[in-house]
């Protein structure tokens, strides 16, 4: 089975002998950016989320269902190119794979944390506004951590 050719970072016309002297010169000048003059790698479309959602510990404070819903709301905002948009509980449930009742609980949690504001529309839709959270970066040791349940602690001790 043939393997794909390895990419060693040379340009299409370069080879090792031509590139080595330029590496030596670059090291003498100090570190340089890796992607200078190269096109960015495009793997696919992504959803933008606040930079410090994880670095501030906010993601750990949210339950998984509220986190999934927040990511789905960020995706809806990016798709609509606006921080204010309309979405139904049914659409969010199909996006996240969680139930509509859990969507309601997650919405309350996100409003309580100050990440979104929400107004009910006629029918099952809501108008969501993603708020600009003031998330401060925290060192890892000061971020909230989940504690293990006693049963989980017991299995760790016996192993």
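Each value in this text was obtained by applying a stated rule to the coordinates, not by laboratory testing. Since we're looking at a predicted model, the values are computed, not measured. Heads up, the Cβs are rebuilt from the backbone with ideal geometry, glycines too, and the neighbour counts pull from every protein chain shown.
See the values below:
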item: Alpha-carbon centroids, the stretch 66-83 and the stretch 103-122: separation in whole Å; result: 13
item: Cα-based shape type of the stretch 58-131, given that a ≥ b ≥ c are square roots of the gyration tensor eigenvalues and the cut on a/c is 1.5; result: rounded
item: Relative contact order [Cα under 8 Å, 6+ residues apart], the stretch 81-140, whole percent; result: 40
item: Inter-probe distance in nm under a simple model that places probes 7 Å from Cα toward Cβ, at residue 63 and residue 143; result: 2.2
